[in-house]
Amino acid sequence: MKIAFIITSLANKGPIIMVQSLVLKLVQKGFDCDVYYFDAITDLKFNCPVKQISFFEVIPFRNYDLIHSHLFRSDVYCAIHHQKIQKAGAKLISTIHTAIYDDLAFTYGKLVSILLIPVWKLAWQKMDHVILLTKAAQRYYQNTEFKALSIINNGRDVSLTGEGISDTDLNEILALKKKYTLLGTVCNIDSRKGLEQILELLTINNNYAFIVIGDGPEHRTLAAIARQYRVSSRFKVMGFRAEGYRYIKHFDIYVLPSRSEGMPLALLETMALKVPAVCTRIPSLAAEFSDDVCYFFNLDDVTDLSRACELATNDLGLKTLAAFETYNNKYTSEKMVKNYVELYEILVETL
């Protein structure tokens, strides 16, 4: 079976990392995969041919059994070329990674999102099959029409024996951990992530320090808030790091204070590494992950956030063990790929 993946870039971001994990396993299983991308961002490496294309360039659709699209521009690109794909005899599918009403508003502003949402929905109507990541996402899109729909959870593998982090980074982390309970997160720093809530927590509890592995458009804003709150000495943005999950095991608590999420890979990595996780009780997270595996708090409630972090600080291993078992049962890359392969085979059989 030959599959073309259409993505926006090779950026080190959750949806692209998920595609990387999927392609890695598919190639190992003998599938013939090619990856096409638009933007000249090449953080991630793939074990198959990759090619940068323009939005208006037509790829050889006739060479493929399946076209698998991810994210807004890729879906629109495929919708524009829907007739060519159909004529080539290939099946067209898309994985929806985000809660579009929230995500587009955070990314582009509410006015622009009002214009983009109908375009994206129209693109989905051209898909032979759409994949959602969770049952919560299915409820979120319950009023959206799809030709056919499946739910496939993201999966993520972490290396427990691979390369560690640099001595410089490790020394910085250890210096903070000598004085404080270390809260940490791995993410793109944007307004969706709600990181200012953790800075507010630092103002009411001097026992915590906070490290962010990542970078993004809200970096300067977050630094300004830290200065305003006078917590800069306990706050550090370490910047982009390849395979950011390598840092998670050094955190005392992983924090995920997001205002909107799809299926966060970093949380799966945290579960795999048996690190306590504190998360916002937003529908997409609370519906997918139970109180048995995460310490939840109410969004924009610093008192409740403090309570959750206190519980996580005193975690005796029962919740992290339950989280690890849940990860092993549902969220490995192998399980994700198995589900995709089953779907691919059904779709190709109908060609």
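The values are calculated or read from the model by the stated rules, or taken from the named source; none is laboratory data. Computed from a predicted model, the values in this text were never measured in an experiment. Cβ coordinates were reconstructed from backbone atoms using ideal geometry, including for glycine residues, and neighbour counts include every protein chain displayed.
Some observations on this one:
- For the stretch 269-292, taking the residues that are of a type in the set (Ser, Thr, Tyr) and crowded, with 21+ Cβ neighbours inside 10 Å, the one that is modelled with the lowest pLDDT is identified as 284.
- Among the numbered conditions (1) over 25 Å from residue 243 (Cβ atoms); (2) surrounded by fewer than 16 Cβ atoms within 10 Å (Cβ to Cβ), the only one that residue 338 does not meet is (1).
- You will find that of 216, 184, the residue that is touching a helix residue (DSSP H, G or I) at 6+ places or on another chain (Cβ under 9 Å), buried (at least 18 other Cβ atoms within 10 Å of the Cβ) and at pLDDT below 95 is 216 and no other.
- Looking only at the stretch 4-18, and only at residues there that are free of Cβ contacts under 8 Å to residues at least 60 places away in the same chain and not polar (S, T, N, Q), the one that is nearest to residue 55 (Cα to Cα): 10
- The lone exception for residue 237 - which of (1) in contact with a His (Cβ under 8 Å, 6 or more places away or on another chain); (2) crowded, with 23+ Cβ neighbours inside 10 Å it fails: (2)
- Some residue of the stretch 32-42 being surrounded by fewer than 20 Cβ atoms within 10 Å (Cβ to Cβ) and within 15 Å of residue 88 (Cβ to Cβ): yes
- In the condition set (1) in contact with a Phe, Trp or Tyr (Cβ under 8 Å, 6 or more places away or on another chain); (2) surrounded by fewer than 19 Cβ atoms within 10 Å (Cβ to Cβ), residue 266 is compliant with all but (2).
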